[in-house]
Amino acid sequence: MTKTENENQVSQSPTLGTRTSPFNNSSSTRTSNSSSTNFRSEIKIDSHANGTSASFGARTTYHSGKGSYAIGSGLPSSDGDGAMSIRRTRERDNKNFAELNDTFANYIENVRFLAAQNQSLTKEYDLLTIGLSEDVKSLEGVYTSRLQKAEDLVKGTNRQKMEIEIEIGKQRQELDAIRKKYEDALNIHKSTENEIDVTLVQLSTVESEIALFKRRIEILETTTTARLNREKDRIRSELERANIALEQATQECADHRSHLQKYVAETEKITNHNKTHDKAFIGMQIRMLRGMSPEDREFFKRELAKAIREIRAKCEYVNEQHRTEMESKYWALVQEMQKDAIEDHKKQEIRLMEVNELEISLNSYQKKFSEINSQKSLLMSQESDQNYAQKEYERLYNAEVQDRLTEYHTLEEECAALKKQLDSLPTMDDLKREIKRYSSILESEESRVDRRQHAHAKARYSRENDASVTTIKQKNAMGVQVAEIEHDASRGDVLIREDNIGRYIILENTDTSNEKALSEWVLKRHVDNNPEIVFQLPKDFVLKPGKSVKIWARNKGGANNPPDELIWNDGDSFGMGSNVKIILTDRDGNVRATRNRGFDKKQIGGDSVMV
């Protein structure tokens, strides 16, 4: 038997198209004999519980009249080249056999997968045959309603996703706006700090100028005081000298007066002497006239008058000279004293003006200093206020950012949960393929539906005004088959619908011609082992024909707008869980409608586990 025939035998294993498992711990041997050669090929398959390991080995024995050789291909020769070719042939055959082992292992894995898929399809087929009812065509409507519900759920989930994405975008925009405000506040704070630094530099400059002005004022005060003291001392000394000079002038004036009196007395004496001399002269003249000639008398008279005139002129000249000299000296001293007094007065006025200017500049510097101190205190108070405001703003900003981040993380978690829930939902293509597959199965089962008895069938019955609907949704995920069972029962025309995430509950009036009075009816909801949720409808509440009322949980987007919408104010959610039961009772306590929802999980390819 050749290698091709061996592979064909392996590929024709009885696993495909049947329910026989190919995984048995056994080995098979195929042997072919001929007259000239003996060829033997061995294939060994090992199967374990946790996995499959396959080994493929081939051994070929060639018998001839001279000897036997274990070869893969080729013939031996008598020299060393034959041995090398045999070794190379063996290595090549071993490599080929290893590749065949890998290929066969992959083939075994594929066979195992197909067997598991065959088992799962068999179980699905069994479940489908169990779930069939006498009215097979009604199943089409059930799947249509399921498909419609799935489409509504997908649309609602997409709408919620879009709303959450819009809310996340708004939150991001608000976060960006808050971040921008924070950056603007930081920039304002930095600019304020720069302004404060500039103001502090200006304040230090002004303080240095104030210190310089104070130093200059002190220097001016000391120099001015010293100069004024020197001027005062000089003026005092000059005044003393002037007083001394005045006293001297007064003394000289008194001396001159005394001299004048002496001169007057001497003049009077001279006058008296002159009178005496005149009398004597007259007497002598009389005597001379008596004894002289007229010519001699005229001569003596002229000479005497001439001498008298000369003496009188000399006296007047001396007197006038002394008087003019005294007056000139006196007026010179008086003018000098007046000039000194005027100069001293001018200097004193100049000093007073300088002192006034210094006082004015000192007052202006003091005013500037007080203004700078007030500005400094104002700037310090503004700086403290700005620091406090900045700290308060940073605290509020950090708190708001923390709240926004918390809300953002919460929205992200809700979005992730919704995405996960959306991903876990079957897509439209999967539902269409499933419906198509079930339709083909139904078409094949229509011929045998009259001969078989079905258990656990989906029932729809009506007894007086009672109605009951059971829906089974199946889904395969990670090797686990999950069946979601929904059971709706109604004793009348009111049906209950709900949101799977607990946002709202809908009561629908299926009667399109009559109103339904739901005054003070009570709606009870049980979720797993959580406390019971109770909601009572308002008094005189009426549900119009073919209409529905949506009962929203608090803060879930609804509005209190009877009779279309109501708000349950006792909680933010109606609750989520694996087992949910809703009961609607009238005010007499009679059950009018119920809704049950639960899950059934089964492990594919193993033991079934009910949860």
When you go through 568, 552 one by one, which is the residue that is of a type in the set (Phe, Trp, Tyr) and in contact (Cβ under 8 Å) with a residue 40 or more places away in the chain? 552
Of (1) modelled with pLDDT of 65 or more; (2) within 20 Å of residue 436 (Cβ to Cβ), residue 138 satisfies every one except (1)
Looking at 332, 313, which one is surrounded by 11 or more Cβ atoms within 10 Å (Cβ to Cβ) and out of contact with any strand residue (DSSP E or B) (no Cβ under 6 Å at 6 or more places or on another chain)? 332
Just one of (1) part of a loop (DSSP other than H, G, I, E, B); (2) under 45 Å from the mean Cα position of the chain (by Cα); (3) more than 27 Å from residue 416 (Cα to Cα) trips up residue 549, so point out which. (1)
Residue 558 on the phi > 0 side of the Ramachandran plot, surrounded by 14 or more Cβ atoms within 10 Å (Cβ to Cβ), in a loop (DSSP other than H, G, I, E, B) and modelled with pLDDT under 85: no
Condition check: at pLDDT 85 or above, outside the structural domain of residue 117 (by TED's automatic domain parsing) and farther than 23 Å from residue 146 by Cα. Does residue 534 satisfy that? yes
Filtered residues of region 399-439 (kept if out of contact with any helix residue (DSSP H, G or I) (no Cβ under 9 Å at 6 or more places or on another chain), more than 18 Å from residue 503 (Cα to Cα) and at pLDDT 80 or above): 399, 402, 403, 406, 409
Of the candidates 372, 350, 360, the one satisfying the condition of being of a type in the set (A, V, I, L, M, F, W, C), surrounded by 14 or more Cβ atoms within 10 Å (Cβ to Cβ) and farther than 26 Å from residue 252 by Cβ is 372
Residue set 308, 282; condition at pLDDT below 80, surrounded by 10 or more Cβ atoms within 10 Å (Cβ to Cβ), part of a helix (DSSP H, G or I) and of a type outside the set (S, T, N, Q); output residue 282
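Residues checked against (1) in the same structural domain as residue 361 (by TED's automatic domain parsing); (2) without any contact (Cβ under 8 Å) to a residue 24 or more places away in the chain; (3) of a type outside the set (Ser, Thr, Tyr); (4) surrounded by 12 or more Cβ atoms within 10 Å (Cβ to Cβ):
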{"site": "204", "(1), (2), (3), (4)": "yes, yes, no, no"}
{"site": "209", "(1), (2), (3), (4)": "yes, yes, yes, yes"}
{"site": "232", "(1), (2), (3), (4)": "yes, yes, yes, yes"}
{"site": "236", "(1), (2), (3), (4)": "yes, yes, yes, no"}
{"site": "244", "(1), (2), (3), (4)": "yes, yes, yes, no"}
{"site": "252", "(1), (2), (3), (4)": "yes, no, yes, yes"}
{"site": "260", "(1), (2), (3), (4)": "yes, no, yes, yes"}
{"site": "263", "(1), (2), (3), (4)": "yes, no, no, yes"}
{"site": "272", "(1), (2), (3), (4)": "yes, yes, yes, no"}
Please find, within region 230-258, the residue that is modelled with the lowest pLDDT out of those that are within 17 Å of residue 335 (Cβ to Cβ) and acidic (Asp, Glu). 252
Would you check if there is a residue in region 194-217 being part of a helix (DSSP H, G or I), more than 30 Å from residue 368 (Cβ to Cβ) and at pLDDT 80 or above? no
I need a count of the residues in region 489-532 that are of a type in the set (Ser, Thr, Tyr) and within 21 Å of residue 569 (Cα to Cα). 2
Filter region 161-195 for residues that are among the small types (Gly, Ala, Ser) and surrounded by 13 or more Cβ atoms within 10 Å (Cβ to Cβ) and give the result. 185
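The values are calculated or read from the model by the stated rules, or taken from the named source; none is laboratory data. All of these numbers come straight from a predicted model, not from anything done at the bench. Quick reminder, even Gly has a Cβ in these numbers, built from the backbone with ideal geometry, and neighbours come from all protein chains shown.
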